[in-house]
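Trainee: Structure below; questions to follow.
The values are calculated or read from the model by the stated rules, or taken from the named source; none is laboratory data. Keep in mind the model is a prediction, meaning the values are calculated, not measured. Here the Cβ positions follow ideal geometry from the backbone for every residue, glycine too, while neighbour counts run over all protein chains shown. Note: accessible area is taken over every heavy atom of the protein model, side chains too, but ligands, DNA and RNA are not part of it. Shrake-Rupley method; radii C 1.70, N 1.55, O 1.52, S 1.80 Å.
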Amino acid sequence: MNLEFRHLRTIKTIHDAGGLARAADILHITQSALSHQVRGLEDQAGVDLFVRRSKPLRLSAAGMRLLRLAEQILPEIDAVEADFKALRDGRAGRLHIAIECHACFDWLFPVLEQFRRAWPEVDIDIRAGLAFNALPALAREEVDLVISSDPVQMAGVAFNPLFDYSPTFIASINSPLAAKPWIAAEDFIGQTLITYPVDRARSDVFSMVLTPAKVEPRAHRQVELTAVILMLVAAGRGVAVLPDWVLREVRYKPDYVTRPVTPGGLRKTLYAATREEDVAEGFMAHFLHLARTVPLALQQG
């Protein structure tokens, strides 16, 4: 039996309309053409699909079986067609994000909150498990955007600059370093340095300060959560260097002191890596716009 979607639509429309004439109008075909289609379907099935002596026209047991199939399948087909139309119109898509930056959640969630309201049909996800393999996952199309502060040359990948930030020193107000106007590499020698659990090459304080100066802290402790890092710092259990957007709410609290690292402070740029062909997508362009503006507002308090 060569059953097509149009056959299912025909059966359901005749059932809902209660007769061939009304169904033909709904389907925008002649009643003769509709009758011919029904006869052809019955010839294929080898059974009658309608009880023709009834008024209004009523489905037979075989016709009811096809109706149940139509009610299962047609909504799924309609949903797929709507999804495809939304994709063609630029209203839908996928934005799966991988993050090479533990502290980025502080500004990313406010960005996503605004984004989802503007693009409710875009599938959003954060692929936390890909943090250490994010760029290869982007090339394999497992994710669509990677937040990174370390741009590299990759064929077909665009590193879109978002905003500059300042890796900033934070310590307990009781730390002897609180009296200093700025922090030098040598000041870390006697300190327990608390960082996120990333390789030293991807840690701002190591890559920009300690490694070039060939300086080692007294101890190095890795902590996953920003809130725990701040708690340990306030308790005098160590010092940290964190992005300035993380410190916007604690820099004026009495438990902490913040200082620039080096006399002029540190500056670094955060990027959103995307596939080159995706940059022009409407929803992607809007996400990049939000990711450039919302964090700046947070940095300014």
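Trainee: What residues qualify as long-range amide H neighbours of Thr192, i.e. H under 5 Å apart, gap of 5 or more or another chain, H built at 1.01 Å from N?
Mentor: Ala219, Val239
Trainee: Sticking with this structure for a sec: Between beta-carbons, use under 14 Å as the cut-off and find the net charge around Lys268, counting Lys and Arg +1, Asp and Glu -1.
Mentor: Values: positive: Arg202, Arg267; negative: Glu100, Asp150, Asp164, Asp204, Asp244.
The answer is -3.
Trainee: Which is farthest toward the positive dipole end of the chain among Gly93, Gly264, Leu193, measuring Cα position about the Cα centre, with Cβ charges +1 (Lys, Arg) and -1 (Asp, Glu)?
Mentor: Gly93
Trainee: Using 0.36 nm per residue, how much length does the chain from Arg65 to Glu113 gain when fully extended, once their Cα-Cα distance is taken away?
Mentor: Numbers: separation 48, 0.36 × 48 = 17.28 nm, distance 4.55 nm.
That pair, Arg65 and Glu113, stretches by 12.7 nm at full extension.
Trainee: For the range 262-267, in order, what is each residue's ³J(HN,Hα) by Karplus, 6.51 cos²θ - 1.76 cosθ + 1.60 with θ = phi - 60°, in whole Hz (x at glycine and Pro)?
Mentor: Each residue of the range 262-267 in turn: 6, x, x, x, 9, 10 Hz.
Trainee: Another one. For helix 282-299, what angle does its Cα long axis make with the longest principal axis of the chain, in degrees from 0 to 90 and rounded to 10?
Mentor: In the chain, helix 282-299 runs at an angle near 30 degrees to the longest axis.
Trainee: Stretch Glu186-Gln72 to full length: gain in nm at 0.36 nm per residue minus the Cα-Cα span?
Mentor: Working: separation 114, 0.36 × 114 = 41.04 nm, distance 7.02 nm.
Contour length minus the Cα-Cα distance gives 34.0 nm.
Trainee: Now for a separate question. Taking the chain as a Gaussian network, where each spring joins two C-alpha atoms under 10 Å apart, which residue of Ser32, Ser175, Ser166 fluctuates the most?
Mentor: Ser32
Trainee: Give me the distance between the Cα centres of the range 13-82 and the range 192-247, rounded to whole Å.
Mentor: 69 Å
Trainee: For the chain, what does the helix formula give at 222 nm: sum of -39500 (n - 2.57) over DSSP H segments with n ≥ 4, over the residue count, nearest 500 deg cm²/dmol?
Mentor: On the way: 8 runs with 112 residues, N = 301.
Taken over the chain, the calculation gives -12000 deg cm²/dmol.
Trainee: Per residue, how many Å² of accessible area does the chain show with a 1.4 Å probe?
Mentor: Values: 15740 Å² over 301 residues.
Per residue, the chain has an accessible area of 52 Å².
Trainee: Enumerate the amide H contacts of Ile124 below 5 Å, restricted to partners 5 or more residues apart or on another chain; note that Pro and chain-start residues carry no placed amide H.
Mentor: When sequence neighbours closer than 5 places are left aside, the close amide H contacts are Leu95.
Trainee: Around Asp144, what is the net charge, scoring Lys/Arg as +1 and Asp/Glu as -1 over all other residues with Cβ under 14 Å from its Cβ? If you can, show how the numbers build up before the last one.
Mentor: Values: positive: Arg94, Arg127, Arg140, Arg275; negative: Asp123, Asp125, Glu141, Glu142, Glu276, Glu277, Asp278, Glu281.
Here the count lands on -4.
Trainee: Among DSSP bridges having both ends in the chain, what percentage is antiparallel? Round to the nearest 5. Write out the running numbers ahead of the final one.
Mentor: On the way: 23 of 38 bridges.
Taking every DSSP beta bridge within the chain, about 60 percent pair in antiparallel fashion.
Trainee: Run down the aspartates and glutamates and flag those whose C-alpha is under 13 Å from the C-alpha of Lys268, throwing out any fewer than 8 positions away in its chain.
Mentor: Correct list for Lys268: Asp150, Asp164, Asp204, Asp244.
Trainee: Run the accessible area of the chain with a 1.4 Å probe and give the carbon-and-sulfur part as a rounded percent. Numbers along the way, then the final one.
Mentor: Details: 8370 of 15740 Å².
Of all accessible area on the chain, carbon and sulfur atoms account for 53 percent.
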